[in-house]
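What follows draws every value from the coordinates through simple rules; no lab data is involved. What you see is a predicted model; the values in this text were computed from it and never measured. Quick reminder, even Gly has a Cβ in these numbers, built from the backbone with ideal geometry, and neighbours come from all protein chains shown.
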Amino acid sequence: MYGKLAITNTKKSIKDYLIYFITITLCVSLFYAFLSLSSSKYELITEDTYNFKMLQDILKYATVFITALLAILIAYVTKYMMTRRQKEFSLYILLGTEQKDVAFLFFIETFIIGTLAVILGIFLGTFFSQVVTAFVLLTAKQEIVFHFRFYWDTIGLTFLFFLSMFCIIGLYSFFVLKNRKLIQMLHADKKSEFQFKRSSALYAFLFIISLILYSICGYYTYHLLQSNDIISSKLSYLLIAFITFILATYAFFYSLAYILTFIKERWITFKYEGTNLFLIGVIASKLKTAPILMATISLSFLGAAISFIATLVMSQWSLGYLDYRIPFDISIASDYYIPNQLNITDKKDIPNVNFKELITDLNEYGSNFVDKC
């Protein structure tokens with residue numbers, strides 16, 4: 001009965017669930033596209049010039065960070081949908097439906113929409129994975145070859161992660177709706193995420209703290225760029241700069257709405273100049289509504305921009321390093337160490353090997369050697 005009712009409600013509320021469906025679909029497609037590169041069945045057809053084993057290992061570890069961001073995003077979208085439909089749910093309760101049944105109905109609806117989004121996202125992720133592969137091959141100056149295939153281990157991990165997220169977040173939403181008062185549900189759409197419930201000194205203190213943390217981040221970033229210390233010291237600088245920047249950003253957005261309101265009230269000439277009264281009011285209102293979400297989105301966009309720039313820089317660096325490392329078409333190496341036979345420790349004892357016969361044989365096959373070293 002609940003399944004049929006949930007499907008009927010989903011069809012009726014398709015416009016409300018559209019943003020939820022699109023968000024989950026995009027998250028799944030991008031998650032699958034990047035995770036497929038680290039699949040054990042994934043084969044990157046290139047020459048032996050590059051070794052992509054390290055790239056696959058990095059993607060596996062980066063998945064943990066991406067998972068945390070996606071979990072936060074799914075939680076916020078689910079919370080948005082729950083807040084948007086609480087007034088409708090309150091009407092169901094007024095008509096005689098038990099509150100736990102309404103909460104369970106919402107859980108089934110989000111689970112159905114989420115499952116459909118995961119299935120569609122995997123299909124889209126297959127195409128996105130080819131785009132990512134094309135970028136990798138283009139960066140490595142390799143021939144681009146498209147192979148559309150499904151990686152069942154990646155599909156299993158994708159389903160496991162997202163369905164687990166739906167269950168955890170859905171159960172949380174279930175208990176929230178089950179224990180929420182009817183009057184709160186009727187006025188849920190008018191309530192903002194954040195309100196000035198504490199003293200003004202707290203928000204001023206947080207704003208000052210954010211500026212101090214930004215200064216600390218800048219200080220350690222400067223020392224990181226100028227430092228010639230060992231790797232462990234540089235990693236500690238990077239960790240401190242990273243943590244202070246995140247804390248400073250959340251503190252800044254948490255207190256920014258109050259600071260703008262304070263400036264508007266104290267600076268009278270600026271307040272009534274042009275459209276400042278309306279503009280500052282709108283900005284402060286938006287910041288009051290969702291400061292944590294805005295801080296998270298800002299950090300995500302900044303991280304994406306830095307990653308994109310770093311990818312281009314490292315790509316060009318790797319190509320230049322490759323030309324420097326392998327200036328010849330053929331490289332023959334030996335460590336001159338054969339157990340119990342030959343163990344050379346002095347450069348004078350290195351034998352002078354004549355490669356003329358090898359060069360002659362290779363030239364017969366059309367190698368056309370120009371130079372040797």
Rounded to the nearest 0.05, what FRET efficiency is calculated for Leu160 and Leu302 with R0 set to 25 Å and r the Cβ-Cβ distance? 0.25
Using θ = phi - 60° and the Karplus form 6.51 cos²θ - 1.76 cosθ + 1.60, what ³J(HN,Hα) does each residue of the range 103-115 get, whole Hz, x for Gly and Pro? 5, 5, 5, 5, 4, 5, 4, 5, 5, 5, 4, x, 5
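Could you rank the peptides 235-248, 99-112 by their average count of other C-beta atoms within 10 Å per residue, with the highest value first? Write down the numbers at each step before the final one.
Numbers: 235-248: 15.8, 99-112: 19.4.
The packing order, highest mean first, is 99-112, 235-248.
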